[in-house]
Amino acid sequence: MTADLIDRARAGDGEAFRQLTEPHRRELQVHCYRMLGSLQDAEDALQDTLLSAWQGLDGFEGRASLRTWLYRIATNRCLNTLRSAKRRAAREWNVPGMVPPEPTRLGEAVWLEPYPDALLGDVPPPGPDARYEQREAVSLAFVTALQLLPPRQLAVLVLRDVLGFHASEVAAMLDVSVDSVTSALKRARATLERRARPDDASAAPAAGSPTEEALVARFVTAYEAADLEALVGLFTDDVFMSMPPIPFEYEGRALVRRFLAGLFGAGRTFDLLPTRANGQPAFGAYLRTPSGVRRGTGLIVITLRADRVCATSRFEGSVLPWFGLPETL
């Protein structure tokens, strides 16, 4: 069947090409997202991959599977993007009437964007040689850490440890030696271990579990009531806050409390609409206004550890449509 579809696609049959590539489309998009940290960039890379595959199908010799061949194209498209240095720049603070406290540090991965869980449903599980579970491998902490690796190391780690390709397959994809793959993987693993935060997915309650639902309900109640003490009481001592593409990062209850006190100052209150991003609870945040219209100001993603919130990430309101959320209520 596949051979017949390939022959028809090579003869110019677009529907045959679609049938060949559609089963791999979503996993390729997730792969590009992991490498680029941006849903928009990932979709661009996916489209470039499919166009290149369509134009280069005559060069597919069948020595590797079609899936592996597509991953090779997608990986190299992402590497080209990473090396072009045409990445989204950091933005200045843009919340009117609020002066934020001095951040703990400025984040390096300012181009990071959230990935809707609704797009993860038909992504196949990792291979048997993968080192990461699917939920961990798309978490914000993991995707952020990936963005801090050099491009070649990033590609090798994702292909080997996330997807479970063999070293020889990765070497063929990247046109390098197996020794080079082994060396790059060793360096990438060491870098991730140094930068790892203690908020890995294995410490989070199961998605949809009573523990997660109860914690999410407490978070929403406290946030919508602007109850600063109740909200801070849900945080771990080392809670971490980020807000890409604004590079400010805050660590620890005291600093995060000061930030939220400023946010809720002057009577600001919000409504939260639930969704999920990167395998984590997320919320569209809507600012209440005197007119009664509630304006979408951003997407908040929280990371859970046991029965506490150990991280929050706030993204711009422009991402709300990706999650099926309206701009206003």
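Coordinate-derived values only; no laboratory data. Everything numeric in this text was worked out from a predicted model, so none of it was measured. Using ideal geometry, Cβ is built from the backbone for each residue, glycine included, and neighbour counts are taken over all protein chains shown.
Think of the chain as having a plus end and a minus end, set by charges on the Cβ of Lys, Arg, Asp and Glu; of G97, L146, T191, G97 sits farthest toward the positive end of this dipole.
In this structure the amide hydrogen of A277, modeled in the peptide plane, comes within under 5 Å of the amide hydrogens of D117, A282, none closer than 5 places in sequence on its chain.
Using the per-residue mean of other Cβ atoms lying within 10 Å as a proxy for protection, in what order, highest first, do the peptides 282-288, 173-179 fall? Don't jump to the answer; show the numbers that get you there.
Numbers: 282-288: 22.7, 173-179: 14.4.
Packing order, densest peptide first, comes out as 282-288, 173-179.
Applying the Karplus relation 6.51 cos²θ - 1.76 cosθ + 1.60 with θ = phi - 60° to region 89-100 yields 3J(HN,Hα) values of 7, 5, 10, 7, 4, 9, 8, x, x, 9, 9, x Hz, where x marks Gly and Pro. When the Cα positions of P245, V162, L299 are compared along the charge dipole of the chain, P245 comes out farthest toward the positive end, with charges on each C-beta of Lys, Arg, Asp and Glu.
Rounded to the nearest whole Hz, the Karplus-based 3J(HN,Hα) values (6.51 cos²θ - 1.76 cosθ + 1.60, θ = phi - 60°) of region 65-82 follow the sequence 5, 4, 4, 4, 4, 5, 5, 4, 5, 4, 4, 6, 5, 5, 4, 4, 5, 5, with x at glycine and proline. Among residues other than L185 with Cβ under 14 Å from its Cβ, the summed charge is +1 (Lys and Arg +1, Asp and Glu -1). Summarising the strand pairing of the chain, around 90 percent of its internal DSSP beta bridges are antiparallel. The string of couplings for region 175-190 from the Karplus curve (6.51, -1.76, 1.60, θ = phi - 60°) is 6, 9, 7, 4, 4, 5, 4, 4, 5, 5, 5, 4, 5, 5, 4, 5 Hz, one whole number per residue in order, with x for Gly and Pro.
With a Förster radius of 41 Å applied to the beta-carbon distance between D7 and V178, the computed FRET efficiency rounds to 0.80. Summary of the geometry: region 1-18 and region 24-100, compared by the centres of their Cα atoms, lie 24 Å apart. Near E316, the amide H atoms lying under 5 Å from its own belong to L299; only residues 5 or more places off or on other chains count, and H is placed 1.01 Å from N. Centre-to-centre, using Cα atoms only, region 261-289 and region 183-260 are separated by 15 Å. Put a plus charge on the Cβ of each Lys and Arg, a minus charge on the Cβ of each Asp and Glu, and nothing anywhere else: the dipole of region 202-323 about its Cα centre is then about 300 debye. Under the criterion of Cα pairs below 8 Å and six or more residues apart, the relative contact order for the chain equals 17 percent. Projecting label points 7 angstrom from Cα along Cα→Cβ for A190 and A217 puts them 4.9 nm apart. A protection proxy built from the mean count of other Cβ atoms within 10 Å ranks the segments 101-110, 24-33, most packed first, as 24-33, 101-110. As a calculated quantity, the FRET efficiency between M98 and E61 at R0 = 56 Å, using C-beta atoms, amounts to about 0.40.
Assigning unit charges at the beta carbon (Lys, Arg +1; Asp, Glu -1) and nothing else, what dipole magnitude in debye, to the nearest 20, does the chain show about its Cα centre?
Details: 38 positive and 41 negative charges, 147 e Å.
Here the chain has a charge dipole of around 700 debye.
Amide H to amide H distances under 5 Å link L149 with no residue, where only residues 5 or more positions off or on other chains count and H is placed in the peptide plane.
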